[in-house]
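What follows is calculated from the coordinates using simple rules that are stated; it is not laboratory data. What you see is a predicted model, and the numbers here were worked out from it, not measured in a lab. Every residue, glycine among them, receives a Cβ derived from its backbone with ideal geometry; neighbour counts consider all protein chains shown.
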Amino acid sequence: MIKTYYKKLISEKIRNRIHDLIRKIKGLFLRGNQFYCNCCSHSFRKFLPKGNGIELRNNAICPHCGSLERTRLLYFYLCNETKIFNSQPFVLHIAPEQTLKNKFKTNPNYYDVDINPQLATYQVDITKTSFGDNTFDFIICSHVLGHIKNEKQAINELYRILKKDGKLFTLTLINVQSEHTFEDQNIETETKKTQSYGEKDLERLHGRDFIKRLASPQVDVQQIDYRLHFSADDNLKYSLGNGNREIIYVSTKI
Ligand SMILES: [Zn+2]
């Protein structure tokens with residue numbers, strides 16, 4: 001009941017700030033050198049765990065900036081392999097991770113968007129945006145498509161607003177054991193979604209066919225396991241995940 005009143009009385013934006021503050025305070029007690037976050041340049045004895053009753057991931061969350069395994073790996077990839085931080089490209093960042101959003105502070109052509117107006121600067125439904133054709137040099141779409149009912153419509157819309165030679169970076173939860181994506185419209189409750197898809201607000205659990213779902217005559221799609229660019233020690237030190245959530249799919253518009 002206390003939780004219900006807390007949610008009713010305090011906006012999501014403020015609740016997230018309180019959550020961030022508590023996380024940072026926890027970090028004060030975790031100082032050390034075993035783990036290093038490349039997103040915020042802080043090191044810790046351990047990162048914080050993340051779990052939902054189905055799966056517990058140890059050393060997942062950076063206490064200082066809140067980055068996850070996939071956030072740290074994606075930031076390495078963006079810095080080392082793209083020109084997203086050079087000059088001022090047009091960037092669309094969907095469901096923005098705050099720590100990545102901070103990297104674009106000086107870029108006037110950066111747009112962070114979410115369907116929930118509490119979570120980003122602009123409220124945008126990515127199945128139907130008002131951006132013109134060929135607008136963006138880069139689009140970051142991490143752990144979004146699995147949550148969208150009409151995934152194909154969102155993918156087509158993102159390709160429409162991507163410039164020629166522009167790149168869309170997509171990440172999602174993948175069941176690497178399964179060739180095929182699993183979705184069933186009868187799975188509606190949070191409990192059933194958690195049991196079937198692994199998270200309470202997913203609409204499907206992607207399988208190894210995810211790359212085919214991204215395919216279109218408009219793009220060339222590459223599947224990149226960027227963890228392989230790092231030694232086993234560095235995978236542990238930066239905590240870059242087990243590959244279920246961290247594969248980077250790069251769609252280049254042709
Ligand atoms: Zn961090």
Aspartates and glutamates with Cα under 20 Å of K149, excluding same-chain neighbours fewer than 8 positions away: D114, D125, E157, E183, D184, E188, E190, E199, D201, E203, D209
Nitroxide proxy distance, nm - points 7 Å out along Cα→Cβ at F29 and Q177: 3.5
Between the range 208-229 and the range 64-118, the Cα center-to-center distance that results, in Å: 20
Footprinting exposure proxy for L48, L21 (fewest neighbouring C-beta atoms within 10 Å first): L21, L48
Links that overshoot a 24 Å alpha carbon limit, given the list K13/K103; K164/K200; K8/K101; K26/K192; K50/K212: K164/K200; K8/K101; K26/K192; K50/K212
Long-range amide H partners of A60 with built H, under 5 Å: L48, K50
Rg/Rg_ref, the chain, where Rg_ref = 2.2 N^0.38 Å and atoms are Cα: 1.01
For the chain, built as a Gaussian network whose Cα springs stay under 10 Å, the top-fluctuating residue of Y159, Y111, Y122: Y122
Bridge type composition, the chain - antiparallel percent by DSSP, nearest 5: 50
Candidates G32, G146, G166, ranked by Gaussian network fluctuation over the chain, Cα under 10 Å, top entry: G32
Residue with peak Gaussian network fluctuation, the chain [Cα springs, cutoff 10 Å], from I25, I211, I148: I25
Mean-position separation - Cα centroids, the range 147-182 and the range 2-57, in angstrom: 28
